[in-house]
Structures are given as C-alpha cells and as structure tokens.
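One structure is given here, and the rest of the page talks about it.
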Amino acid sequence: MAFCGKCGTQVGEGEKFCPNCGAPIEAAPAAENIIDKAQNVLNTEDTTSEYDPADVQPNRGLAWLSYCGPLVFIPMFVRKDSKYTQFHVRQGFTLFAIYVAYGILAALLGLIKVESTRTLWGIPYTVKVTPWPITVILAIGWILIAVLSVIGIINAASGKAKKLPLIGNIDVLGWFVKK
C-alpha cells in the first residue's frame, strides 16, 4: 500500500491522486534505481589512458604500497618523477589521512563506557563497556577503509589509474603540496 506524501492518507494500488486531498501520488523508487546508484558509486573515473605505459609498467610494483597505511611514504619519495605512482600516492595519502582521523575518532568514542552486569559461573559482576551500537558503527568504518585499501591495491598493481569510490575526488596531499 502507498501513502499520500502530502496528507498521509493510505492510497490504493495504481491510484494517481489522493482520494482525501487530491495530491498526485509519486511512485516509490524502483529497485533498479538503487542498484544503479550503487554501481555509480563503484564506477569511478578511470584516467589510465592519460598515463604513459612506459611509466605505468615499471611502477606498478611500487604504486600499490600507497594503499598500505604509512607505507605510502615509500613510493612518495622513491618515485617522485612517476606521474602514475604519484596518482596512487595522492589517493593512498588521502586514505591514510582518513585512517588516522578515523582512528582518533574511534579512540575518543571508545572512551564512552556504560556499566554492564555479567555473570561468570553464576556469580554476577559489573564491567564498563563501550555500547554495542558504537562498536558496530566503528567496525563498519574499519571494514570500509580496508575495502578501499584493497580496491586501491588491485587498481595500482593491475596498472589502472582509477579513483577510489567515495573518496576519489578528495586530494589531502594537494592541500599541502602543489602538483
């Protein structure tokens, strides 16, 4: 059953207008729209054709380190002259900055504690724990960061210069250093 977006009255299947207020009834978003939006998030800009294959091939083996946390500094300084490697360094540095910021946020949220009574062999005791919704949300964030790292590693090792989903248009390193 559908409901009128204006007055909230229940509307029968296939009705175009609300019987109560006469407002047009909008169709609910189809499942295909949701799938299309998810695919748009994952189908990011691929700029591989802008890079010289003579630059890409020898640097693939080092460019993937850009997505391994603090190891981003190795290709950053070892391959300063490689446009391909520097593309991945910029992506990896942004991911590393998000990793550090998220770690600080997780540490601060981990300070939130509530008392919980538990039992061990029938003996009750009280402990202070982080509430489970905070723990679940933080775990989802860590998983998302890990997935972005894997996507970056796969792209770099396979010779693609493809932006990461969700964060590909952010250039944290560009805030400090000009191209």
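Give the residues of the range 110-135 that are within 30 Å of C68 (Cα to Cα) and surrounded by fewer than 10 Cβ atoms within 10 Å (Cβ to Cβ), sorted by residue number.
L111, P133
Pairs, please: C-beta under 6 Å, at least 6 apart or cross-chain, first residue assigned by TED's automatic domain parsing to the domain that holds V150 and in the range 53-69, second among the small types (G, A, S) and assigned to a helix (DSSP H, G or I)?
Matching pairs, first to second residue: R60/A157; A63/A156; W64/A156; W64/A157; S66/G92; Y67/G92; Y67/S149; Y67/G152.
Testing Y67 on (1) modelled with pLDDT under 95; (2) out of contact with any Cys (no Cβ under 9 Å at 6 or more places or on another chain), one condition comes back false. Which one is that?
Tallying (1) modelled with pLDDT under 95; (2) out of contact with any Cys (no Cβ under 9 Å at 6 or more places or on another chain), Y67 fails exactly one: (1).
Can you find a residue in the range 100-109 that is under 14 Å from G159 (Cα atoms), surrounded by 12 or more Cβ atoms within 10 Å (Cβ to Cβ) and in contact with a helix residue (DSSP H, G or I) (Cβ under 7 Å, 6 or more places away or on another chain)?
No - not one qualifying residue is present in the range 100-109.
From the list T48, T85, pick out the single residue that is over 24 Å from W142 (Cα atoms) and buried (at least 18 other Cβ atoms within 10 Å of the Cβ).
From the options T48, T85, the qualifying one is T85.
Somewhere in the range 109-118, is a residue of a type in the set (A, V, I, L, M, F, W, C), closer than 23 Å to F73 by Cβ and out of contact with any His (no Cβ under 8 Å at 6 or more places or on another chain)?
No, every residue in the range 109-118 fails to be of a type in the set (A, V, I, L, M, F, W, C), closer than 23 Å to F73 by Cβ and out of contact with any His (no Cβ under 8 Å at 6 or more places or on another chain).
Among the helices (runs of 4 or more DSSP H) contained in the range 32-145, which hold 2 or more residues that are aromatic (F, W, Y) and within 26 Å of V172 (Cβ to Cβ)?
Hits in the range 32-145: 73-78, 83-109.
The values are calculated or read from the model by the stated rules, or taken from the named source; none is laboratory data. Predicted, not measured: the structure shown is a model, and the values here were computed from it. All Cβ positions, glycine included, derive from the backbone under ideal geometry; neighbour counts span all protein chains shown.
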